[in-house]
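Encoded as C-alpha cells, the structure appears first; notes follow it.
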Amino acid sequence: MLTQNSDAKNSKFQRELIEYVILGIGLILTTLLSTYSYLLFHSIAEVISIVISGGIFFIGWNSRKYMNSSFFLIVGISFLFISVLDLLHTISYSGMGILLEFDANLPTQLWIAARYWQSISYLLALFAINKKVNATYLMVSGIVIISILLFTIFYGIFPTSFIEGIGLTPFKIVSEYIINLILLASAIILYKLRGEFNRKIYLLIILSIITTIISELAFTFYVSVFDFSNFIGHIFKIIAFFFIYKAIIETGLEDPFGLLLRKLKLSDESLRRKADDLEQAYSEFNQMFNASLPLRIISKDCEIIRINKTYTNLFSLSEEDVLGRKCYDPDLEYLGHQCNTDLCSLKQIEQGKEYVEYELTTNFDDNTKIVNLVRSVPYRDVRGKFVGIIQNFTNITERNKLEVARKESEEKYRTLVEDSLEGIWVIDNDANTSFLNQSMANMFGYKKDEMIGKNIYTFMDEEGKKIAEINFERRRQGIKEDHDFEFIHKSGRKVFTTLRTSPIFDDNGNFNGAMAFVTDISERKIAREKIADIARFPAENPNPVLRLSNKYVLLANKPSQDIFGIGEGSRIPEVLTKSVNEAFSKDRNIEIELNINNRIYNLVMVPIKEKGYANIYGMDITDRKEAEERLGRFVSTVSHELRTPVSVLTMSMEFLENHTDKITPEVKKRLREGISRNIYLLKDLIEDILTLSRIDEGKYKMEWNEYKPLLIFKDILTLMEPIGSEKNITFDLDISNEITLYGDIKKIDQIFRIFIDNAIKYSRNSNIIEIKAFDHYKGKYNTEVRDGTLFHIKDKGIGILEHEVSSIFQRFFRSEQVTDIPGTGLGLSIAKELIELHSGEVYIKSEYGIGTTFYIFLPRIEKKINNN
C-alpha cells in the first residue's frame with residue numbers, strides 16, 4: 001500500500017515537472033518566434049489566454065449547482081467577458097489589418113479594460129466566498145458592463161491610453177498601478193481566506209496574481225506596441241494564465257470534488273462536531289424560554305407553536321388563547337402580525353434576512369397601550385433546515401413616548417426652518433454646504449440638492465472669496481458677527497444680503513463649521529441706491545438745477561452757483577425774477593433762454609404751488625445754437641453756390657432759345673464752354689457735399705490696402721500735367737519708392753489730388769511746386785510721436801492772409817482774394833476729414849504774396865478688415 005502511494009506521488013511529481021519543462025520550452029520558442037514576427041507571437045500569447053479564460057468559465061459556471069460559495073462562479077463568468085475583450089484586443093492590434101480605422105490606442109484601451117475587470121473580479125469573488133450569488137444576475141450584469149465599456153471605447157468616450165509616437169498616457173500608466181494595488185489587495189485577502197481553499201489551488205492562484213502584477217508593471221514602460229517591455233509583459237501574462245489554468249481547469253478536470261466540494265466537507269465535519277453540543281443547546285433554549293423576556297415561536301406555516309409565561313403576562317392571555325392559532329388570525333391582530341404583506345417577518349427571514357425588527361403598538365380596553373420592539377430571528381432544526389421564526393418582545397413604551405415627543409419637536413423645528421422667510425445656511429469645517437432651507441435655495445435661484453455639498457465660495461466672485469476667507473477664519477476663532485455680503489445668483493446677477501453668523505463647535509470644542517441667517521436685502525439696497533442716485537442727481541448734473549421760493553434760492557447745484565453767482569439762501573437772481581413770478585402767478589411751466597457769459601441756456605421753470613417752490617431745470621444749448629447757425633450758413637452757402645452756376649446755365653439756355661439769329665460761331669463756342677464749366681462746377685459741388693455728408697453720418701466706406709505714395713503722386717501728376725503746362729508750372733517730386741503705407745488708395749489719391757490742384761490753381765505762372773516725403777518722421781508735425789511719413793506740398797503762389805489761415809479748413813470758406821478763381825470752398829475740408837479717417841494730421845504754413853506749404857502726416861497703421 002505504501003509503495004503504491006509512493007509511486008503515485010512520484011508519477012504526479014514527474015507529470016508536474018514535465019508540464020513546467022514544456023512551459024519553459026514553450027516560452028523559449030515564443031521568444032524566438034517574436035524575433036521573426038512579433039505580431040504572430042502576440043496573437044499566440046493572447047489566444048492562449050483566451051482559451052484558458054473559456055475553460056475557467058466552463059468550470060465556474062458548472063460549479064454553481066454544487067457550492068454555496070460564489071468564488072469560482074464570479075471568476076468564471078468574469079473570465080468569459082475578459083476573453084471577449086482580449087479577443088477584440090488581439091484582432092485590433094497594430095498590424096493585424098482588421099480594424100484599419102483605429103490606431104494603437106484601441107487595443108491599449110481594450111487591454112486596460114480587461115485587466116481592470118480581471119483584478120476586480122478576484123476581489124469581488126473573495127468578498128463573496130461565503131455567499132450565494134445568483135448566476136443569472138451575474139451574467140446579465142456582465143453583459144451590461146461589457147456593452148457600456150465597448151460603447152465608450154469605440155465612440156471615443158473611454159480615456160485615451162496610447163498616443164502614436166509618444167507612448168502611454170498618464171491614464172494608462174496610473175491604471176496599471178491601480179490594477180496592481182487591487183491584485184495585491186486580492187492576494188492579501190486570499191491569504192487570510194486560505195483555509196477555504198485546497199492548498200495547491202491557493203498557491204497556484206497566488207502565483208498567478210504575482211505574475212500578473214509583474215506583467216502589468218512591464219506594461220507601464222513601453223512607447224511602441226512592439227517594445228521589449230511589451231514583450232516581457234506578454235511573457236508573464238502567459239505564465240500567469242498557466243498558473244490559473246493549473247489552479248482551476250486542470251484541478252477541476254482531475255479532482256472536481258477536491259475543487260468544488262471542499263466547503264461541503266468542512267461543513268459536514270463542523271456539523272458532526274456540533275451534534276455533540278445539541279443536547280446542551282436544547283437545554284440553553286429551554287432556559288431562554290424561561291427568561292423574563294417575552295418570546296414566541298411561529299412555524300413556517302404561520303402557526304404559533306410556543307410562547308413563554310412572560311409573553312402571556314404581557315398581553316394578559318393564556319396559552320390556550322394563542323397556541324395552535326395562525327399569527328394572522330383576526331382575533332389576534334392586536335398581538336402584531338404583518339402576514340400577507342411585504343413586511344411579513346416570516347417571509348423576509350425565509351428570503352435570507354438574518355433578523356427583522358418592527359414596532360408593535362397594542363391598545364387595551366382600559367384605554368392604555370404598550371409599545372414593543374419585536375425582533376424576529378430564524379428558527380432551524382438540528383439539520384439547519386428553516387422551520388420558522390423566534391420573536392422576542394421588548395417593552396419600549398416610555399422610550400416611544402420620548403421618541404414621539406422628539407419627532408414632534410423635530411417636525412415643529414423643521415417646519416419652522418423650512419417655512420422661514422429668512423435663509424438658513426449651515427456649512428462644515430471645510431466651508432461645504434451641509435444644510436440649507438428652501439428660502440436659502442430660492443434666494444440664489446437653485447434647488448436645495450444643487451447647493452448641498454457645494455463650497456460656499458462657489459456662490460461669490462473672486463473679490464468676495466477673499467473677504468469670505470477672512471470671515472470664515474474669524475468663525476474658527478469663535479467670533480459671532482453680523483455683516484453685509486454680496487453673493488452671485490445662479491443667473492449671474494448679484495444678491496445683496498445681510499448675515500447673522502455663528503460658529504459651530506462640538507462637545508470637545510472642535511470647530512465643526514458655521515451657521516448663518518441670511519436676509520436678502522437686494523430690493524432694499526437697490527431702492528436705497530436709487531434714492532441716493534436721485535438725491536445726487538442735481539449735484540452731479542452738469543447743467544444748472546435750482547429750487548426757488550418766490551424770494552429765495554432753496555437749493556442750487558454747483559453749475560447753478562457758478563452761472564448765477566448765488567448760493568443756497570441767496571435772493572433770486574434778477575434775471576430770473578420776472579419769469580419765476582410769472583410761473584407762480586399763472587401756475588404753469590415757463591421756458592426761457594438766457595445768454596450768460598457768452599453761453600446760451602434754456603431754462604424750464606416748473607412751479608409746485610402747493611409746496612411753495614419752483615424747480616428750474618437748465619441746459620447749456622450753446623453748441624446746439626451754434627450748430628443751428630452753422631446749418632443755416634451751410635444752407636445759405638449751398639444755396640448761394642448753387643445759384644451762381646444754375647443762374648449761368650439758365651441765362652445761357654434762354655439766350656440760346658431767344659436769340660438764335662444773333663448767335664455767331666464764336667458766341668456759340670463761348671456759351672458752350674460756359675455751360676460745360678458750370679455743369680462741372682455744379683457736379684463737383686454736389687460730389688463734395690455728398691462726400692462730407694457721408695463722412696458726417698459715419699457711412700463713409702474704407703477699402704484698406706497697401707500702397708506706394710510715389711505711384712499715386714505720379715498718376716496724379718500725369719493727369720494734371722496739361723493743366724500745369726497752361727501756367728508753365730513744373731513739379732519737383734522727391735519721394736522714395738521704398739515707402740509703403742496702408743490705407744484706402746482712392747481716398748489717399750483724392751487727398752493728394754486736392755492739395756496739388758490747390759497748388760496749381762493758386763500758383764503764379766512759371767513756378768515750381770515741391771512735393772517731398774520724409775519717412776519715419778518724428779518732428780513737430782507728428783504730435784503723438786508715431787511711426788509714419790510726412791508729405792510736404794509747397795507752392796510759390798499768392799499765399800493766404802494771416803487772419804484767414806485758421807479758417808482755411810472750414811467748409812465753404814473762400815478767401816476774398818480768390819473770388820475770381822473757380823472753386824466750391826469744400827476741397828480742403830474734405831481733405832482734412834479724409835486725413836483724419838487715416839488717423840493722420842494736416843498743418844499749413846503760409847505767407848501772403850510768398851506762397852503756401854501744406855504738411856500732411858500719415859502714420860503707419862495696422863491692417864484693418866475692409867468695410868463692406
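Structural remarks
- When we screen Lys699, Lys747 for residues that are under 25 Å from Glu862 (Cα atoms), out of contact with any Lys or Arg (no Cβ under 8 Å at 6 or more places or on another chain), modelled with pLDDT under 90 and buried (at least 18 other Cβ atoms within 10 Å of the Cβ), the only hit is Lys747.
- Inside segment 304-351, residues that are hydrophobic (A, V, I, L, M, F, W, C), outside any loop (DSSP other than H, G, I, E, B) and either open to solvent by 70 Å² or more (accessible area, probe 1.4 Å) or at pLDDT below 85 (or both) make up a count of 8.
- The set of residues from segment 416-447 being open to solvent by 30 Å² or more (accessible area, probe 1.4 Å), assigned to a helix (DSSP H, G or I) and modelled with pLDDT under 90 comprises Leu416, Glu418, Asp419, Gln438.
- Residues of segment 825-858 that turn out to be farther than 11 Å from Phe755 by Cα, part of a helix (DSSP H, G or I), in contact with a strand residue (DSSP E or B) (Cβ under 9 Å, 6 or more places away or on another chain) and not aliphatic (A, V, I, L, M), as a count: 1
- Scanning segment 165-188 for residues that are open to solvent by less than 40 Å² (accessible area, probe 1.4 Å) and of a type in the set (A, V, I, L, M, F, W, C) returns Leu168, Ile179, Ile182, Leu183, Ala185, Ala187.
- Cβ pairs under 7 Å, 6+ apart, first in segment 770-786 and on the phi < 0 side of the Ramachandran plot, second open to solvent by less than 60 Å² (accessible area, probe 1.4 Å) and of a type in the set (Phe, Trp, Tyr): Ile771/Phe713; Ile771/Phe731; Ala773/Phe791; Tyr777/Phe857; Tyr781/Tyr855; Tyr781/Phe857; Asn782/Phe857
- Figure legend. Inter-residue proximity from segment 720-737: first residues in contact (Cβ under 8 Å) with a residue 12 or more places away in the chain and more than 18 Å from Leu790 (Cβ to Cβ), second residues outside any loop (DSSP other than H, G, I, E, B) and of a type in the set (Lys, Arg), beta-carbon distance below 8 Å, spacing 6+ or different chains. Indicated pairs: Met720/Arg753.
- Val553 vs. criteria without any contact (Cβ under 8 Å) to a residue 40 or more places away in the chain, within 59 Å of the chain's Cα centre (by Cα) and part of a strand (DSSP E or B): yes
- Exactly one residue among Ser815, Ser806 is surrounded by fewer than 15 Cβ atoms within 10 Å (Cβ to Cβ) and modelled with pLDDT under 85, and that residue is Ser806.
- Of all residues in segment 143-161, those that are under 26 Å from the mean Cα position of the chain (by Cα), surrounded by 19 or more Cβ atoms within 10 Å (Cβ to Cβ) and assigned to a helix (DSSP H, G or I) total 1.
- When the test is whether a residue is under 56 Å from the mean Cα position of the chain (by Cα), in a helix (DSSP H, G or I) and crowded, with 19+ Cβ neighbours inside 10 Å, Ile756 does not pass it.
- Those residues of segment 118-142 which are over 17 Å from Ala187 (Cα atoms), open to solvent by less than 50 Å² (accessible area, probe 1.4 Å) and hydrophobic (A, V, I, L, M, F, W, C), in sequence order: Val133, Ala135, Leu138, Met139
- Failed condition for Ile729, given (1) crowded, with 19+ Cβ neighbours inside 10 Å; (2) within 18 Å of Leu828 (Cα to Cα); (3) aliphatic (A, V, I, L, M): (2)
- Being crowded, with 18+ Cβ neighbours inside 10 Å, over 15 Å from Phe71 (Cα atoms) and at pLDDT 85 or above is a property that Leu110 has.
- Condition check for Ile504: open to solvent by less than 70 Å² (accessible area, probe 1.4 Å), in contact (Cβ under 8 Å) with a residue 24 or more places away in the chain, at negative phi and not in a strand (DSSP E or B): no
- Check on Ala583, at pLDDT 85 or above and either open to solvent by 20 Å² or more (accessible area, probe 1.4 Å) or in a strand (DSSP E or B) (or both): no
- Residue match in segment 94-114 (condition: part of a helix (DSSP H, G or I), β-branched (Val, Ile, Thr), free of Cβ contacts under 8 Å to residues at least 60 places away in the same chain and within 17 Å of Glu46 (Cα to Cα)): no
Here's the yes/no breakdown for (1) at pLDDT 90 or above; (2) assigned to a helix (DSSP H, G or I); (3) of a type in the set (A, V, I, L, M, F, W, C); (4) buried (at least 18 other Cβ atoms within 10 Å of the Cβ):
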| residue | (1), (2), (3), (4) |
| --- | --- |
| Ala773 | yes, no, yes, yes |
| Tyr777 | yes, no, no, yes |
| Asn782 | yes, no, no, yes |
| Gly797 | no, no, no, yes |
| Arg811 | no, no, no, yes |
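- Residue match in segment 180-195 (condition: among the hydrophobic types (A, V, I, L, M, F, W, C) and without any contact (Cβ under 8 Å) to a residue 12 or more places away in the chain): yes
- For segment 486-494, the condition of being more than 34 Å from the chain's Cα centre (by Cα) and open to solvent by 30 Å² or more (accessible area, probe 1.4 Å) holds for none of the residues.
The values are calculated or read from the model by the stated rules, or taken from the named source; none is laboratory data. From a predicted model like this one, the values you see are computed outputs, not experimental measurements. We place every Cβ from the backbone using ideal geometry, glycine too, and count neighbours over all the protein chains shown. The area values use the complete protein model at the heavy-atom level, side chains included, leaving out ligands, DNA and RNA. Shrake-Rupley method; radii C 1.70, N 1.55, O 1.52, S 1.80 Å.
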